[in-house]
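Here is the structure we will look at.
The values are calculated or read from the model by the stated rules, or taken from the named source; none is laboratory data. Please read all numbers here as calculations on a predicted model, not as lab measurements. All Cβ positions, even for glycine, are placed from backbone atoms using ideal geometry, and neighbour counts span all protein chains on display. Areas reflect the complete protein model, heavy atoms only, side chains present, ligands, DNA and RNA absent. Shrake-Rupley method; radii C 1.70, N 1.55, O 1.52, S 1.80 Å.
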Amino acid sequence: MEIDKRCVLGVDVGGTSIKASLMSLEGDILGMATIPTGAIVDQEAFDHITRRLVELVKGQERRIAQVVALGLDVPGPVDDHGHVGFFPNIKMDADGLLKALVETFPQAAIAFVNDANAAALGEMWKGSARDVRSFVMVTLGTGVGGGVVVDGRLVAGAFGSGGELGHMTVRPEGEERTCGCGRHGCLEQYASATGLVWMYRQECKRRGVTGVELKHDTDTLTLFEAYQDGDECAKFAVAQMCEYLGFALAQVSTVLDPEEFLIGGGVAGAFDLFRDELVAAYQRNCLPNCKETKILACSLGNAAGSYGAAFAGLQKAGLV
């Protein structure tokens with residue numbers, strides 16, 4: 001029997017590089033490549049990216065014509081129709097890149113998807129949410145992102161803001177800091193790595209103690225080490241994070257009532273340390289019939305975006 005050599009590219013677009021994975025249609029990784037990038041706004045940048053993608057495909061003894069789907073996850077809003085919005089943290093001409101990809105991979109169905117939404121799709125396809133029809137993923141990194149899947153379909157939203165859980169208002173009064181979105185009291189200010197470090201430093205200042213030395217404004221690794229060592233300010237900051245995040249998840253449950261919440265991102269590396277506290281906060285705030293909703297860690301880590309982008313491409317091609 002002839003081996004099916006059709007394949008799909010999952011392309012994870014970051015601020016300084018692209019992580020690309022070539023996969024079989026079943027999601028087995030055939031090869032990977034990291035492509036350093038700057039601003040993706042001109043033909044030189046487009047050619048650099050497409051050339052490296054071609055090298056990845058040919059390096060796995062596949063022909064360009066065998067790439068039947070290609071998905072890109074991007075750090076910005078993408079609506080239900082695949083239209084890309086603005087990019088707050090990178091410079092990219094999405095239309096120009098799309099044109100270059102179409103010319104390079106003419107047989108491929110090409111899909112754009114928001115990066116957090118892609119991570120949710122990846123977990124649904126190959127991770128913690130396999131065989132789960134409805135779930136909400138929350139990514140706790142420098143900011144807070146999210147992805148919503150209902151009845152096996154990603155909810156991107158009419159304007160691409162579906163799953164922007166980091167901008168749920170969880171503290172409507174008394175917050176002077178301004179979120180990156182321009183508003184106040186967003187979940188992102190309390191549940192992100194940035195917010196967690198900020199709360200720790202504020203509590204140390206309030207108590208008049210020095211606290212542990214943090215290497216940077218998102219150094220939750222050191223903070224959680226202090227938490228394990230019994231640092232009272234670290235325990236306070238983590239408790240605050242769990243309270244705000246649990247409250248937010250409880251509000252989401254009244255609208256979507258998902259089977260699972262998945263926690264990903266860098267902060268989730270310490271999930272085992274704060275899981276029970278988060279579950280308790282959620283159960284204090286949710287409806288009684290929602291108390292058994294599972295809250296789990298993601299399993300794919302940094303690979304979730306590439307898997308999800310590939311899955312979005314396969315969806316566009318009608319192959320899943």
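Structure above, values below:
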{"item": "Unmet criterion (only one of (1) surrounded by 18 or more Cβ atoms within 10 Å (Cβ to Cβ); (2) modelled with pLDDT under 95) for ASP95", "result": "(1)"}
{"item": "Filtered residues of the stretch 220-234 (kept if in a helix (DSSP H, G or I), open to solvent by less than 80 Å² (accessible area, probe 1.4 Å) and of a type in the set (D, E, K, R))", "result": "none"}
{"item": "Scan of the stretch 63-84 for residues that are open to solvent by 40 Å² or more (accessible area, probe 1.4 Å) and not in a helix (DSSP H, G or I), ordered by number", "result": "ARG63, ASP80, HIS81, HIS83, VAL84"}
{"item": "Failed item, numbered, when PRO106 is tested on (1) part of a loop (DSSP other than H, G, I, E, B); (2) at pLDDT 90 or above; (3) buried (at least 17 other Cβ atoms within 10 Å of the Cβ); (4) out of contact with any Phe, Trp or Tyr (no Cβ under 8 Å at 6 or more places or on another chain)", "result": "(3)"}
{"item": "Unmet requirement for VAL148, which otherwise passes all of (1) touching a Pro at 6+ places or on another chain (Cβ under 9 Å); (2) open to solvent by 20 Å² or more (accessible area, probe 1.4 Å); (3) in contact (Cβ under 8 Å) with a residue 60 or more places away in the chain", "result": "(2)"}
{"item": "Members of the stretch 134-150 found to be closer than 18 Å to CYS290 by Cα and either in contact with a Lys or Arg (Cβ under 9 Å, 6 or more places away or on another chain) or of a type in the set (Ser, Thr, Tyr) (or both), listed by number", "result": "SER134, PHE135, VAL149, VAL150"}
{"item": "Residue tally, condition out of contact with any strand residue (DSSP E or B) (no Cβ under 8 Å at 6 or more places or on another chain), closer than 18 Å to VAL138 by Cα, surrounded by 15 or more Cβ atoms within 10 Å (Cβ to Cβ) and among the hydrophobic types (A, V, I, L, M, F, W, C), over the stretch 158-209", "result": "1"}
{"item": "Top-ranked residue in the stretch 114-134 [being open to solvent by less than 10 Å² (accessible area, probe 1.4 Å) and not small (Gly, Ala, Ser); ranked as modelled with the lowest pLDDT]", "result": "ASN117"}
